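Report on one structure; see the data block that follows.
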Amino acid sequence: MTEAPTTQVVDRLLDAAQVLLARKGIRATTVIEVAEEAGVSRAWLYRHFPDKSALLGAAIVRLSDSYWSDARAELDTLGSFTEQLVAGVRIGRHTYDEPGALPLRLRMTEPEEFAACAGAGVTGLVPDLATFWLPYVEAAAARGEIHRHHDLAEVAEWVARVLISLGTIPGETIDADDPAAVLRHMRRFVLPGLRADPLRES
């Protein structure tokens, strides 16, 4: 078979896997169902993916790449770290509404199955999010929005933890769905910590 049809078959299989993952999750999705949804034989499926973990793992990685690319494209249009943080909370709050965010949901609802399919490299939510935010942290430090004495990798992880908290855990003093309230929170609590010289507190 030529390369183009092979690519088309793989795309159909991954599309079908994504549909079933969204509908049923990892545990309940079977290889037979993916083949039927894609309109290909099981023999063709196994020529491209040796087992369920390889197939669903490929679909999860493709979804993850799409999600992070979309988020990066949005944040890259914003001029300040404060605006990016506020947008980050909003993106996180609507994570489950976005098809590309399905891996984040699966990681929380089926962690063992997710780890088996996606591999150890994409299972850590905090490390993933910290890695995503590190370039924005570095750019903010270069603009003087973050004190130069901060460990920027540590800042990126702290930002990841703050955004996960705001995006997923309801509170009584801040409406995470209100951008103005999130902006006040960032200006009042998050940014002063980033602007302070950490060496003065040692």
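The values are calculated or read from the model by the stated rules, or taken from the named source; none is laboratory data. Computed from a prediction, not measured in an experiment: that's the story for all the values here. Cβ sites come from the backbone with ideal geometry, for glycine too, and all protein chains shown count toward neighbours. For the accessible areas, the whole protein counts, side chains as well, though only heavy atoms, and no ligand, DNA or RNA atoms are used. Shrake-Rupley method; radii C 1.70, N 1.55, O 1.52, S 1.80 Å.
In square nanometres and to one decimal, what's the mean projected area of the convex hull around the Cα atoms of the chain?
Working: hull surface 54.2 nm².
Result: 13.5 nm².
For I91, I32, give me the order by solvent-accessible area with a 1.4 Å probe, most accessible first, ignoring ligands, DNA and RNA. Show your work: numbers first, answer last.
Numbers: I91 30, I32 80 Å².
In descending accessible area the options line up as I32, I91.
Where does the charge balance sit around A176 when Lys and Arg score +1, Asp and Glu -1, over other residues with C-beta under 14 Å from its C-beta? Provide the component values of the computation, followed by the final result.
Values: positive: R90, R93, R184; negative: E172, D175, D177, D178.
Taking every Cβ under 14 Å from that of A176, the sum is -1.
Restricting things to Cα coordinates, could you compute the convex hull volume per residue of region 9-117 in Å³?
Values: hull volume 10.4 nm³, N = 109.
It comes to 95 Å³ per residue, whole-number rounded.
How much of the accessible area of the chain, probe 1.4 Å, is carbon plus sulfur, in whole percent?
Details: 5890 of 11050 Å².
Reported share for carbon and sulfur atoms: 53 percent.
Measure nothing but the geometry: give the 0 to 90° angle between the long axis through the Cα atoms of 81-93 and the longest principal axis through the Cα atoms of the chain, rounded to 10°.
Computed tilt is about 40 degrees.
Counting only heavy atoms of protein chains, what accessible area per residue, in Å², does the chain have with a probe of 1.4 Å?
Details: 11050 Å² over 202 residues.
The answer is 55 Å² per residue.
Could you work out which residue, out of T131, T168, T77, moves most in a Gaussian network model of the chain, that is, has the largest mean-square fluctuation with Cα springs under 10 Å?
Evaluated over the chain, the most mobile residue of the options is T77.
For the chain, what's the relative contact order in percent, using C-alpha pairs closer than 8 Å and at least 6 residues apart? Don't jump to the answer; show the numbers that get you there.
Details: 186 pairs, mean separation 42.6, N = 202.
Relative contact order for the chain comes out at 21 percent.
Based on the alpha-carbon gyration tensor of region 126-202, what equivalent-ellipsoid semi-axes (square roots of 5 times the eigenvalues) come out, in whole Å, largest first?
Details: eigenvalues 97, 46, 25 Å².
They are 22, 15, 11 Å, listed largest first.
Please arrange R195, R200 by accessible surface area, largest first, computed with a 1.4 Å probe and ligands excluded. Let's see the in-between values first.
Values: R195 130, R200 205 Å².
Ranked list, largest accessible area first: R200, R195.
Calculate how steeply helix 52-75 sits against the longest principal axis of the alpha-carbon atoms of the chain, using the helix alpha-carbon long axis, and give the answer as 0 to 90 degrees to the nearest 10.
40 degrees
Tell me the label-point distance for the pair R27, T131, using the 7 Å Cα-to-Cβ offset, in nm and rounded to one decimal.
Here the answer is 2.7 nm between the modelled labels.
With a 1.4 Å probe and every protein chain left in place, tell me how much accessible area H94 has, in Å² to the nearest 10.
Near enough 80 Å² of accessible area.
Can you find, among T77, Y46, P103, the residue sitting farthest towards the positive end of the charge dipole of the chain, where Lys and Arg contribute +1 and Asp and Glu -1 at Cβ?
Toward the positive end, the furthest listed residue is P103.
Which order do peptides 135-145, 172-182, 153-163 fall in by mean Cβ count within 10 Å, highest first? Walk me through the numbers before you get to the answer.
Details: 135-145: 15.7, 172-182: 13.0, 153-163: 18.7.
Ranking the peptides 135-145, 172-182, 153-163 by packing returns 153-163, 135-145, 172-182.
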